[in-house]
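Working notes, structure below.
Read-outs throughout are calculated quantities, based only on the coordinates presented, and are distinct from any laboratory measurement. The structure displayed is predicted, hence computed values, not measured ones. Here the Cβ positions follow ideal geometry from the backbone for every residue, glycine too, while neighbour counts run over all protein chains shown.
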Amino acid sequence: MVAPLNNTVHVLVALALPPLLLGVIAKTKALFAGRVGPPVWQPYHDLIKLFLKGSVYSTTTTWVFRAGPVVGLVTAAMAALLVPLVDHSAPIPSFTGDLILLAYLLGLGRFFTAAAALDTGSAFEDMGAAREVTFSCLAEPAFFLGLVVLAKLSGSLELASMLGSSLASHWPTAGASLALVLLSWFIVLLAENCRIPFDDPNTHLELTMIHEVMVLDHSGPALGMILYGAALKLFVFAALIVRLAFPLTTGYTSLDWPLLVGALLLVAVAIGVVESTMARLRLTQIPVLLVAACLLSAFGVILLTR
Amino acid sequence: MDVVLVAILILVLSGITALALARRPRAATAFGAGGAVLGCAVGSVPTLRVLLGASPESLRAAWDAAHGAFWVEVDPLSSFFLLPVFGLSALAAVYGGNYLLAYRRQKSLGAPWFFFNLFVAGMTMVVIARTVVLFLVAWEVMSIAAYCLVTFEHERADVRKAGWVYLVATHLGVAFVFLAFVLLGRNAGSLEFEAFRTMPPLSAGWAGLIFLLAVIGFGAKAGFVPFHVWLPEAHPAAPSHVSALMSGVMIKMGLYGVLRLLTFLGPPAVWWGPTLACLGLLTGLVGIALALQQRDVKRVLAYSSIENMGLIGLGLGVGLWAWASQLPLVAALGFAAGLLHIWNHALMKGLMFFAAGSVLHATHSKDMEQLGGLMKRMPWTGGSMLVGAVAIAALPPLNGFVSEWLIYLGLLKCGLAASGGSSLPAFFGVGLLALIGSLAVVAFVRLTGIVLLGSPRSEAAGHAHESSPWMLGPMVLLVFLCLAAGVFPQTMIGWMSGALEQVLASEVWRDFVEREQSEAPLSLVGYVNAAALVAIAAGVLVLLAWSRRTAVSQAATWGCGYLMPTVRMQYTGGSFAEMIAEQLLPQFLRPRTDWQSPRGLFPAPGDFRSDSPDPVSERVYEPFFRRTAERFSRLRILQQGKLHVYLVYILLVVVIGLAWASVRTWWAVS
């Protein structure tokens, strides 16, 4: 396929697929619990409904509260357009050092989501914001050390070649390192997207939440943006995991895309399985697991350079 | 060249005029601040000329007092540092003119303006001096003028202590610098910089020693851990426009010293780069870990300055490391990263201190637990502070991100080029840098969130009013510059290429510029930053337009069913950082807490105290100086306070002196 067509497909997949991942996770969890569960398309209905609703703004808030969801969505969308999905350059062309941009774009989104939470002046939301930024302090080094492994293997600092099809040739030789990174990144995915065992998106007690409590006061279209932004973020991390775990290409891009979508849905199923079989960790245990993720990535780096 | 001297003259003369007009605060301000702006405007003409590629300008006149010559020069490296000196000083003068007027009933404004202008003149002279004596004299003028500015509110005991700590630290630092220059002078046989540049290369041992002395001596000025202890004391104590200047420019004079000395020492040894890089990482980690637990807004900013100096040190260290391992392109990358961050930090830290000063001006408090809700009451200050916070947390689309991105690239490329285990330090450096970056996000979400957002935590914060346009103007300009520097990083690098050619070999830098697209595509980062800005603006517009079509109503914040929420139930700065401080930080960096929970079944008073003193100052310097003072106090036996005892001392000294002289004569004869 030619580049423009590829880019179009990339944009379509990146913008349309993410809510489906949420739907698949919910369905998986429902099946494990022996329920029928909502249809996998439910998140799309939720989004449409939210965008058509009116909104209530707290009298305490300022423009920062309104900017929060927008920045969160825009940065997640940019990250989704930056990350390579199949063996080609993404719509935002890959360049030396774009790996850092990817992580820092998500950081900008986190900054504004947390600032919007602090804008409400509610202790619950402030608490969520504090937890969110605290835990990402440990997730970030784990993510970066994983990137270091890929950079060392590919000898490049462009995401497109770091996660390109050449990665397949490294699995036989440097499989141990890559497996460690895969595990570490999966933990990072769960932490950054506030899934069990870090956070329970469906809990009913504000005190125990992280992400959900941060966005308590948003409503209507703004809440829709947050939900969609969260889905996009999940999509970005899932895409990274997919490229890391299945870097193979068939040689036909028209076949690669359906395979990619299938693999992404598999990741969603995996998340659903983890969420169904594990309990939430105590808040004080979370840093331990994240440090473990850092150590996994760090050992991945050490194994490569021995 | 003459133009820069004229600028210095304007600064000094207008300062003296302000001093003479001390009884009339408005006139003193007009002359002091006006003279500073004029001097800076005049001085920036030759600065820009050299920066944009004109040949260096120098002036040399015979002068016995300065051990040889009065020799000043504006070369690219000087002009690189002169630009922030003049630019930020002019803005600080405009801002400070209005800021200080609030004190006109309690204090004379003549002296602060005299010392402010002297401070700017001193920094200018430091950068253009070309002989050791001139350099050291200018260095002292700068340091002492800064001391007099720090102790502006000298009726407060904590300010006096801060000034004292600063004075001691800066003089201990200059002792090391002095030693480095003496060693250089011994080798070159002259105290002129030109002689240092052309002298025969030093042996590895001497060069290494001089490098270490420079890193310690100049590092004390730059705020490298563990020589940073004066910085979190002095910056909060000074008036805010002075804090901005000290943090934005003065501490960079330490880096100027290191860079200037590097041009004398020739190619670096293998261990220099890693030493500086490790020091930078340590500085960055300690700085940001302490920044995120401070209550005092200006102390947060002071510790964040330490962190940023660490990042600059890391960039320069990576550059030296790559240079010594024959990786010229990576060396260029590291130095470019360090230098770019020097400019960026001047912009964003100037902005942050101006904004903090505006908050202090309006609420008379810099304790963040007394603030809150200021975004509503001071929209311009609040907006500027938020932009500054995003920039300083190194997030796209602003300028801080670009330089941090370059530092990452330098580290990664260093690691990729090294083979085997020797690449591990660079790779783990990437992980630690990521940790610093995400801790910075915490520190600045906390700062802006607690100070600007939510509900006011005190009466004063509730009644705050926006500052005057004189104070807002410089802030808005700096916001604009932060945005511009984020979108056009390539232009910034272009302007500093003269300085980089001077520090590195010129062909190395040209090589790098040619391959910039593949090595470090700055222009692409600029485009992405611009795209992010446009996308965010578009998103906001779409949301606004869409909200018009749906119903929007206002209500109180959702209190989770609680009926009587009060502002005191909001999170505080202390609670925001609690989790990190208690669970992530090592023991010695944690705040000290003292907690008495209420006892019994019924509501009773409880007590909670928390304090984040500087661990290095508390555990290293204070015991050391206390013990030294105790030892020296034993010498008090000599101080009897009786005249005849002192006469005996004089007699003894005369006798010993005469004996010494006669022994020497006898020695010479025989």
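Observations on the model:
- What you get for chain B, charging only the Cβ of Lys and Arg (+1) and of Asp and Glu (-1), is a dipole of about 1560 debye around the Cα centre.
- Computed E for B:ILE637/B:LEU589 - FRET, C-beta separation, R0 56 angstrom, nearest 0.05: 0.85
- Computed over chain A, relative contact order equals 31 percent, with contacts defined as Cα pairs under 8 Å that lie 6+ residues apart.
- Phi angles across region B:392-402 convert, under the Karplus curve 6.51 cos²θ - 1.76 cosθ + 1.60 with θ = phi - 60°, into 3J(HN,Hα) values of 7, 7, 6, 9, x, x, 9, 5, x, 4, 4 Hz, Gly and Pro given as x.
- Counts of other chain beta carbons within 10 angstrom of each beta carbon in peptide B:533-545 average 4.
- Using a simple spin-label model with pseudo-atoms 7 Å out from Cα toward Cβ, A:SER165 and B:ALA604 lie 7.4 nm apart.
- Distance in nm between pseudo-label sites at B:ALA54 and A:VAL36 (7 Å out along the Cβ direction from Cα): 8.2
- Over the residues of chain B, the helix contribution to mean residue ellipticity at 222 nm works out to -23500 deg cm²/dmol, using -39500 (n - 2.57) for each DSSP H run of at least 4.
- Cβ neighbours within 10 Å from other chains - mean over B:455-461: 1
- Calculated FRET efficiency, A:TYR44 to A:GLN285, Cβ-Cβ distance, R0 = 56 Å: about 0.95 to the nearest 0.05.
- Eigen-decomposition of the gyration tensor built on the alpha-carbon atoms of chain A gives equivalent ellipsoid semi-axes of 30, 22, 19 angstrom, largest listed first.
- Region B:485-592: C-alpha gyration tensor shape, a/c 1.5 cut-off, then a/b vs b/c: oblate
- Taking each residue as 0.36 nm, the span from B:ALA460 to B:ARG105 lengthens on full extension beyond its C-alpha to C-alpha distance by 125.7 nm.
- Derived scalar couplings ³J(HN,Hα) [region B:107-119; Karplus, 6.51 cos²θ - 1.76 cosθ + 1.60; whole Hz; x for Gly, Pro]: 9, 6, 9, x, 4, x, 6, 4, 6, 4, 5, 5, 4
- Candidates B:SER670, B:SER612, B:PRO623 compared by Cα position along the dipole of region B:599-670: farthest toward the positive end lies B:SER670, with charges placed on Cβ.
- Close amide-amide hydrogen proximity is noted between B:THR557 and A:THR59, A:THR60, each under 5 Å apart and 5 or more residues distant or on a separate chain (H modeled in the peptide plane; Pro and chain starts excluded).
- Stokes-Einstein translational diffusion, the protein assembly as shown - Kirkwood Rh over all Cα pairs, 1.567 mPa s, 4 °C, in µm²/s: 44
- The relative contact order of chain B, computed from alpha carbon pairs under 8 Å that lie at least 6 residues apart in sequence, is 11 percent.
- Taking the Cα centre of the protein assembly as shown as origin and assigning +1 to Lys and Arg Cβ atoms and -1 to Asp and Glu Cβ atoms, the resulting dipole is close to 1720 debye.
- Oblate is the label for region A:27-141. Its Cα gyration tensor axes, ordered a ≥ b ≥ c, give a/c of at least 1.5 and b/c at or above a/b.
- Between the helical axis of B:643-669 and the longest alpha-carbon principal axis of chain B there is an angle of about 50 degrees.
- Burial order of peptide ranges A:267-280, A:286-299 (average beta-carbon count within 10 Å, highest first): A:286-299, A:267-280
- A Förster radius of 56 Å, combined with the Cβ-Cβ distance separating B:VAL620 from B:ALA530, puts the computed FRET efficiency at roughly 0.75.
- For peptide B:524-531, the mean count of partner chain Cβ atoms within 10 Å of a residue's Cβ comes to 4.
- Distances between placed amide hydrogens fall under 5 Å for B:TRP63 paired with B:GLY68, B:ALA69, B:PHE70, all partners being 5 or more residues away or on another chain.
- Sites listed here are GluC sites (Glu not before Pro) in region B:92-163 whose DSSP assignment is loop and whose Cβ has at most 16 other Cβ atoms within 10 Å: B:GLU155.
- Gyration tensor (alpha-carbon) shape descriptor, region B:53-187, a/c threshold 1.5: oblate
- HN-Hα J in Hz across region A:155-169 - Karplus 6.51, -1.76, 1.60, θ = phi - 60°, x for Gly and Pro: x, 9, 10, 10, 4, 4, 8, 5, 10, x, 6, 5, 4, 4, 6
- Based on Cα contacts under 8 Å between residues 6+ apart, region B:174-214 shows a relative contact order of 51 percent.
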